[in-house]
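Down below is the structure, laid out as structure tokens.
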2 protein chains.
Amino acid sequence: MATTTRLLLLLAAAAAAAVAVPCCSGAEEGLAPTTAIIQELRPRQGLSGQLAARAGIKCGSWRLGVETHNVIDWKTVPAECESYVGNYMLGDRYRHDSQVVINEAIAYANSLSLCHNGKEVWVFDVDETSLSNLPYYAKHGFGAKPYNATSFREYVFEGSAPALPETLRLYRRLHVLGVKAVFLTGRTEDQRAVTADNLRRQGYYGWEKLLLKPAAAATGGGPQESAVPFKAGERQKLQDAGYIIVGNIGDQWSDILGAPEGGRTFKLPDPMYYIG
Amino acid sequence: MATTTRLLLLLAAAAAAAVAVPCCSGAEEGLAPTTAIIQELRPRQGLSGQLAARAGIKCGSWRLGVETHNVIDWKTVPAECESYVGNYMLGDRYRHDSQVVINEAIAYANSLSLCHNGKEVWVFDVDETSLSNLPYYAKHGFGAKPYNATSFREYVFEGSAPALPETLRLYRRLHVLGVKAVFLTGRTEDQRAVTADNLRRQGYYGWEKLLLKPAAAATGGGPQESAVPFKAGERQKLQDAGYIIVGNIGDQWSDILGAPEGGRTFKLPDPMYYIG
């Protein structure tokens with residue numbers, strides 16, 4: 001069975017686990033199936049093991065630098081970190097790291113004094129936040145190869161991206177709480193239908209808005225194009241229309257930087273690419 | 001030899017290494033001496049090893065949540081993470097993680113088009129940024145025990161905190177570049193003399209300003225007291241006085257959040273305590 005096929009099954013299994021336990025507390029259920037993939041990817045003994053361990057420290061620090069917004073404006077994952085990032089994304093750690101973020105987001109949402117006026121919204125980014133493009137990146141070096149706008153666009157139009165199960169858990173909790181969802185994405189208007197279909201098929205439903213970039217942006221610079229003015233501008237429009245942005249979640253700092261940010265922001269992990 | 005004594009020697013050795021290689025590229029020199037201490041702290045085999053491995057994943061995700069500002073308003077390190085945080089702080093990882101941040105900061109500083117008007121400054125936090133209180137926290141559960149204002153104050157008045165060698169490397173590079181240093185700290189005015197002496201003894205010299213909180217704040221709520229209004233307010237005063245804050249570095253998000261932030265901000269790791 002090809003790695004990609006197993007990956008899809010793995011993500012599907014994880015999503016199914018999230019469906020069964022929509023308000024789970026972040027326990028470690030559903031993580032075992034990744035082990036076999038990790039074993040394959042990680043050289044564990046001998047010189048290769050030592051090199052991997054050394055790369056692990058170096059790449060782990062690089063990843064922390066990325067996640068904390070110290071390392072910015074990078075184009076590709078460092079070549080020596082391709083295996084490290086692959087292990088991370090396919091292994092338990094990515095799932096655990098995401099769980100911690102979502103647990104905090106749900107605890108925050110539960111603590112809100114909501115007025116239920118139909119105007120309280122939570123802003124969700126799409127790629128690597130609501131939907132996972134890991135099936136694509138697993139075939140393209142986990143971000144270690146230069147971004148290819150054409151092939152990524154083809155992947156998007158397949159509409160096959162699985163949900164990130166943790167984000168789906170937050171989405172469902174917010175639905176119960178009466179906080180409406182607004183998707184705000186760097187995807188372009190020409191991708192509206194396929195994105196909406198993809199989201200629905202993965203269990204997202206009943207959103208208030210799906211905000212995309214004008215189609216003209218499809219000819220732009222790909223993921224390196226700055227997203228802050230567009231996303232902050234769209235959040236400002238939401239506020240101007242009377243919405244109260246109680247929360248905002250994304251995998252890129254450009255999803256959550258720039259006023260108005262929202263009542264509280266949450267940063268999901270993503271060591272595969274950078275959007276400034 | 002007591003662990004604390006060895007820790008002091010270790011930090012001194014690391015600082016000496018930084019002196020010898022003031023512009024090192026982030027290579028892994030000077031890291032070997034930590035190994036013995038890590039070996040002591042980390043249970044490596046059997047049930048204890050499995051528990052440690054499991055805690056490692058859980059605590060690693062918690063630490064990432066802290067460093068990415070997803071986990072906020074926490075009072076103490078989770079009890080099950082005391083050993084993890086101790087290992088992290090005493091081991092190679094903390095040093096490596098700090099190196100990545102400082103390498104980015106130096107690359108950014110080197111890239112600046114400076115006008116050398118004597119008004120270009122870089123803001124440095126003090127605790128866990130310029131000086132390390134690891135000798136204190138190593139004796140107090142690495143943040144797993146509640147903050148004790150009295151004993152920490154006694155430690156500060158010893159004036160014995162070692163430099164964080166990576167920050168000292170940035171400090172020296174900025175000095176060469178002609179960017180002046182401003183220390184901006186939650187320490188209080190009554191600690192001015194001991195803080196200045198401690199900084200000088202550790203190799204910091206020639207700073208433009210050392211900004212502390214009014215002494216009245218010494219009776220306040222300790223590290224949980226919000227620092228954002230004070231620090232952002234002091235940065236605003238700097239700007240109003242004609243200074244250009246080209247950079248800003250701290251170990252807490254409250255060091256770098258709040259306008260004016262500075263030209264670019266850098267977040268050093270600190271999983272031992274949280275200041276909101």
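Numerical summary
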{"quantity": "Single residue of the range B:171-219 satisfying the filter (touching a residue at least 40 places away in the same chain (Cβ under 8 Å) and among the polar types (S, T, N, Q)) that is farthest from B:Lys231 (Cα to Cα)", "calculated": "B:Gln202"}
{"quantity": "The range B:67-79, residues that are in a helix (DSSP H, G or I) and more than 9 Å from every other protein chain (Cβ to nearest Cβ)", "calculated": "B:Ala79"}
{"quantity": "Which listed residue is modelled with pLDDT under 50, polar (S, T, N, Q), touching a helix residue (DSSP H, G or I) at 6+ places or on another chain (Cβ under 8 Å) and surrounded by fewer than 19 Cβ atoms within 10 Å (Cβ to Cβ), from A:Thr76, A:Thr4", "calculated": "A:Thr4"}
{"quantity": "Odd one out for A:Pro223, checked against (1) part of a helix (DSSP H, G or I); (2) buried (at least 16 other Cβ atoms within 10 Å of the Cβ); (3) modelled with pLDDT of 95 or more", "calculated": "(3)"}
{"quantity": "Residues located in the range A:97-110, provided they are at the interface with another protein chain (Cβ under 7 Å from one of its Cβ atoms) and either surrounded by fewer than 22 Cβ atoms within 10 Å (Cβ to Cβ) or free of Cβ contacts under 8 Å to residues at least 40 places away in the same chain (or both)", "calculated": "A:Glu104"}
{"quantity": "Residue match in the range A:119-127 (condition: of a type in the set (A, V, I, L, M), outside any helix (DSSP H, G or I) and surrounded by fewer than 22 Cβ atoms within 10 Å (Cβ to Cβ))", "calculated": "no"}
{"quantity": "Residue check, B:Gly258 without any contact (Cβ under 8 Å) to a residue 60 or more places away in the chain, assigned to a loop (DSSP other than H, G, I, E, B) and more than 28 Å from B:Gly91 (Cα to Cα)", "calculated": "yes"}
{"quantity": "Within the range A:141-154, tally of residues that are more than 16 Å from the chain's Cα centre (by Cα) and part of a helix (DSSP H, G or I)", "calculated": "6"}
{"quantity": "Residues within the range B:236-255 that are within 14 Å of chain A (Cβ to nearest Cβ), outside any loop (DSSP other than H, G, I, E, B) and closer than 29 Å to B:Cys81 by Cα, tallied", "calculated": "4"}
{"quantity": "Criterion (of a type outside the set (A, V, I, L, M, F, W, C) and within 14 Å of chain A (Cβ to nearest Cβ)) met by exactly one of B:Glu82, B:Glu166", "calculated": "B:Glu166"}
{"quantity": "Criterion: over 30 Å from B:Lys75 (Cα atoms), within 18 Å of the chain's Cα centre (by Cα) and crowded, with 19+ Cβ neighbours inside 10 Å - qualifying residue of B:Tyr243, B:Tyr274, B:Tyr204", "calculated": "B:Tyr204"}
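The values are calculated or read from the model by the stated rules, or taken from the named source; none is laboratory data. What you are looking at is a predicted structure, and each value in this text was computed from that prediction instead of being measured. Quick reminder, even Gly has a Cβ in these numbers, built from the backbone with ideal geometry, and neighbours come from all protein chains shown.
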